[in-house]
Amino acid sequence: QLDIVACSSCGHLSNRAFDTDAADELYGALVLTNEPVSPGMIAAVDETAALIMRHLKHVPAVLEVGGGGGALSLALARRSAHV
């Protein structure tokens, strides 16, 4: 469930509906590297980023709300003005 809200002081976006009690269960079983760990994974992330970018204006600002290790955000950051 999403309930995206902006902080009135700084503008930070967050999901108010996120259950912080579930964070350990959600993230505790994974070791997040923030980097793809194989050539195939690198290619898949780059292909996904390229597909997304084909639908956007040149050098866009991107908001990526994901639940992974950050590889897609990093791939989008290389192609974007802001992420």
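Looking at region 67-76, is at least one residue outside any loop (DSSP other than H, G, I, E, B), of a type outside the set (Ser, Thr, Tyr) and at pLDDT below 75?
no
Which number in (1) at pLDDT below 75; (2) among the small types (Gly, Ala, Ser); (3) surrounded by 10 or more Cβ atoms within 10 Å (Cβ to Cβ) marks the one condition that Ser80 misses?
For Ser80, the exception is condition (1).
Of everything in region 53-72 that's surrounded by 13 or more Cβ atoms within 10 Å (Cβ to Cβ) and without any contact (Cβ under 8 Å) to a residue 24 or more places away in the chain, which residue is nearest to Ile42 (Cα to Cα)?
Glu64
Would you please list the contacts, defined by Cβ atoms under 7 Å and residues six or more apart or on different chains, that run from a residue in region 1-14 that is surrounded by 10 or more Cβ atoms within 10 Å (Cβ to Cβ) to a residue that is of a type in the set (S, T, N, Q)?
Ile4/Asn15; Val5/Ser14
Identify, by number, the condition in (1) over 15 Å from Leu74 (Cα atoms); (2) modelled with pLDDT of 80 or more; (3) not in a loop (DSSP other than H, G, I, E, B) that Ala17 doesn't meet.
(3)
Among the numbered criteria (1) part of a helix (DSSP H, G or I); (2) within 28 Å of Arg78 (Cα to Cα); (3) modelled with pLDDT under 80; (4) not aromatic (Phe, Trp, Tyr), which single criterion is violated by Leu32?
With respect to (1) part of a helix (DSSP H, G or I); (2) within 28 Å of Arg78 (Cα to Cα); (3) modelled with pLDDT under 80; (4) not aromatic (Phe, Trp, Tyr), Leu32 is out only on (1).
Would you confirm, using the coordinates I've provided, whether Ser9 is out of contact with any Leu (no Cβ under 8 Å at 6 or more places or on another chain), modelled with pLDDT of 85 or more, of a type in the set (Ser, Thr, Tyr) and assigned to a loop (DSSP other than H, G, I, E, B)?
yes
The values are calculated or read from the model by the stated rules, or taken from the named source; none is laboratory data. Predicted model, so just to flag it, every value in this text is computed and none were measured. A quick note on method: Cβ atoms are made from the backbone with ideal geometry, for glycine too, and the neighbour counts reach across all protein chains shown.
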